[in-house]
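So the structure is just underneath, and the comments pick up after that.
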Amino acid sequence: MSGHIDLRYGRWESALAGERCDTIITDPPYGERTHKGAKTTADLTKAGDGIRYDHWTAKEVSAFVESWAPRTRRWIVAMTSHDLIPAWEAAFSKNRLYGFAPVPAILVGMGVRVCGDGPSSWGIYIMAARHTAKAAMKYHGQPEGAMWRALPGGYCEAANTGKSGGGRGKPSWLTHALVRDYSNPGDLVCDPMAGWGATLTAAAALNRRAIGAEMDREAYEIAEAACARPLQLDMLAGVA
C-alpha cells in the first residue's frame, strides 16, 4: 500500500475495532426502498451487477453512530438516501452530536427512471454531525470554535459516465469535495465501508492520512489496486 493509506479486508466492526480518527467520510448502504429500486434498475438495464449487500435500517445507523461518535474527533459524514434521513438525525441526537440539516448532492444525469412513470432521482444526501464546541473542548482539548468553519450547503455537478454498478458509482468529485471540506491536511480520514477506495485515495492525494475497511472481496481488490497507484490529484477523475 502506497502513501498514507491503510486499507483492511473485513467488516468495519472487526477490521477497525478500537481505531480512532479525525473524520469519518463514508457511503454506507441506503434504505430498503432505494436498494430495491437500484436492484430493479440493474436488472432491467443490465448496466451493473446490482447491490450485493443488505440495505440499512435505523438499527444499523444507530449502531454505526454509537460506535464511532466517541472515536471521531471532528466529523461523521455519511451519504444516504431520503428514506434514512430520520434515522441518521435520531442517531446523531441520541449520541449527543450536533447534526446539521441534510446537505443535498445533485449528480446531474445520475440515472433515469426506467419505468418512465415519473422523475428520476439525481440526489443523495450528506448527513454531517460533529461534537458541540463544548464537548470538543472537553474530550479533545480544542478551543471552542477552533475546529469548525463555514462549509457548502450543497454540491452539484455531472455524474461520472464511466464504470458504475454494485452501488459504488459515486462520482469522485464528490468524495474529493467532502474530504476537502470536512478534514484538514494531516488529519486521519476513515472510510469504514471503503467500496472501490475513492475516499481513501482522495484523502491521500489531499495530504491526509487514510484508513478504511471493505468486506466485499471484489470491491476490496479494486480498492487495493487503486490505493497502490501513485497518489495524485488527477486520480480523482475516477469513480468513487
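The values are calculated or read from the model by the stated rules, or taken from the named source; none is laboratory data. Bear in mind the structure is a predicted one, so any value in this text is a computation, not a measurement. So basically every Cβ, Gly included, is an ideal-geometry build from the backbone, and we count neighbours across all protein chains shown. Ligands, DNA and RNA are excluded from the accessible area calculation, which covers all protein heavy atoms including side chains. Shrake-Rupley method; radii C 1.70, N 1.55, O 1.52, S 1.80 Å.
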(message) If the requirement is being open to solvent by less than 20 Å² (accessible area, probe 1.4 Å) and modelled with pLDDT under 70, which of these qualifies: G145, G166?
(response) G166
(request) Exactly one condition in (1) hydrophobic (A, V, I, L, M, F, W, C); (2) modelled with pLDDT under 80; (3) touching a Phe, Trp or Tyr at 6+ places or on another chain (Cβ under 6 Å) is not met by A129; state its number. (result) (2)
(message) If a residue must be of a type in the set (A, V, I, L, M, F, W, C) and under 21 Å from K36 (Cα atoms), how many such residues does region 70-97 contain?
(response) 6
(request) Out of the residues in region 73-98 that are part of a helix (DSSP H, G or I) and aromatic (F, W, Y), state the one that is nearest to C21 (Cα to Cα). (result) F92
(message) It is to be established whether one or more residues within region 98-113 are charged (D, E, K, R), closer than 20 Å to H35 by Cα, open to solvent by less than 60 Å² (accessible area, probe 1.4 Å) and touching a helix residue (DSSP H, G or I) at 6+ places or on another chain (Cβ under 9 Å).
(response) no
(request) List every residue pair whose Cβ atoms sit under 9 Å apart, with the two residues 6 or more apart in sequence or on different chains, where the first one lies in region 197-215 and is without any contact (Cβ under 8 Å) to a residue 40 or more places away in the chain and the second, anywhere, is part of a helix (DSSP H, G or I) and hydroxyl-bearing (S, T, Y). (result) A202/S172; A202/T175
(request) Could you tell me which residue of region 15-67 is modelled with the highest pLDDT, considering only residues that are buried (at least 18 other Cβ atoms within 10 Å of the Cβ) and among the aromatic types (F, W, Y)? (result) F64
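Within region 85-97, which residues are open to solvent by less than 10 Å² (accessible area, probe 1.4 Å) and in contact with a Phe, Trp or Tyr (Cβ under 8 Å, 6 or more places away or on another chain)?
Once the filter is applied, which keeps residues that are open to solvent by less than 10 Å² (accessible area, probe 1.4 Å) and in contact with a Phe, Trp or Tyr (Cβ under 8 Å, 6 or more places away or on another chain), region 85-97 yields A91, F92.
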